[in-house]
Amino acid sequence: MFEEGSVAVVTGAGPGMGRAVAVGFARHGVDVVLAARRRERLEAVAEEVRRLGREAVVVPADLARRDDCRAVVDAAKERFGRIDHLVQNGHHPGDWARVADADPDAWQQVFDVNFFGALHLVQAAVPVMAQGSSIVLVNSGAALRNPPTMGAYAASKAALASLVRTAALELGPKIRVNGIFLGPVTGESLDAGARATAEGQGITEEEFFRQRAQELPIRQIPTPEQCAGSVLFFCSSLAEPVTGQHLSVNGGQWVT
């Protein structure tokens, strides 16, 4: 599936999806460059990677800053000389404001991370990416479903989906580019929304999670480890003929 000693860059590499992807790479013999804003979270993931016998490089970075994105790539180039897989998982959760009331500056902040952060990373990484390498941009079902009060987030993710398709055309055959549309995933991001939603509905958080799970055909909210498998698939040799595509990784949410 993966060449022994190949190199992956994973952003948003704190708890949740980023950690699960990084650890998954390590289990398959891939060294990892980890990027996120909080060093202590990066170091925790790096320790897990090293316990699996792979090398981990930690680069604190804010994806809204173009220089930080370049620094992530520079760190990979300096240590390993190349990048085989780029997984952009970092994200801004949005402003939670209705379009008519939203601050355009807040929208810009969301786009700076969710769209321009990915663009800057891709632009910096492409010159040092190996033949047959892969890019995966982690997206959200909000790009297609457009939930109320999530206009900024949904628009930035829709732009990200368009970037996947265009980059796949322009970077092939050297580099494959794909994305995943995530649905609900267990972890702190969902926990924060659950508290607010449960309070507004007058139910407990446990009841919120039970109700949410019942909405999915698989009757459970997927874990980061389960969802990370789709990212690893896109990066692996199993997906050699696949590019410019999005996979819905949401427990069958759209079926219901």
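For region 99-136, the residues whose amide N sits under 14 Å from a probe point set 7 Å from the Cα of residue 159 along the beta carbon direction are 104-121. Subtracting the Cα-Cα distance of residue 170 and residue 210 from 0.36 nm times their residue separation leaves 10.0 nm of extension gain.
In terms of the Cα gyration tensor, with a ≥ b ≥ c the square roots of its eigenvalues, is region 131-255 rounded because a/c is under 1.5, prolate because a/b exceeds b/c, or oblate? The shape class here is prolate. Counting 0.36 nm for each residue step from residue 65 to residue 219 and taking away their Cα separation leaves a gain of 51.5 nm. Coupling constants for region 28-45 follow from the phi torsions by the Karplus curve (6.51 cos²θ - 1.76 cosθ + 1.60, θ = phi - 60°), and in residue order they are 9, x, 9, 7, 10, 9, 10, 9, 5, 6, 9, 4, 4, 6, 4, 5, 5, 5 Hz; glycine and proline get x. The distance linking region 198-256 with region 128-146 is 16 Å (Cα centroid to Cα centroid, whole angstrom).
In the chain, the longest principal axis of the Cα atoms and the axis of helix 151-171 are about 30 degrees apart. Once label points are set 7 Å from the Cα along Cα→Cβ at both residue 144 and residue 199, what is their separation, rounded to one decimal in nm? Inter-label distance under the simple model: 3.3 nm.
Taking packing as the residue-averaged number of other Cβ atoms within 10 angstrom, the listed peptides 227-239, 21-33 run from highest to lowest as 21-33, 227-239. For the chain, averaging the sequence separation of C-alpha pairs within contact (under 8 Å, six or more residues apart) and dividing by the residue count gives a relative contact order of 19 percent.
Taking amide H as placed 1.01 Å from N in the peptide plane, the amide H of residue 247 sits under 5 Å from that of 179, 180, 181, each at least 5 places away or on another chain.
What whole-number volume per residue, in cubic angstrom, does the convex hull of the C-alpha atoms of region 1-132 give?
Values: hull volume 14.2 nm³, N = 132.
Expressed per residue, the convex hull around the Cα atoms of region 1-132 is 107 Å³.
Entry note, the chain: the mean residue ellipticity at 222 nm calculated from DSSP H runs of n ≥ 4, each adding -39500 (n - 2.57), is -14500 deg cm²/dmol after division by the residues and rounding to the nearest 500.
Quick note: the coordinates plus some simple rules give every number you see, no bench work behind them. What you see is a predicted model; the values in this text were computed from it and never measured. As a convention, Cβ positions derive from the backbone with ideal geometry for all residues, glycine included, and neighbour counts pool all protein chains shown.
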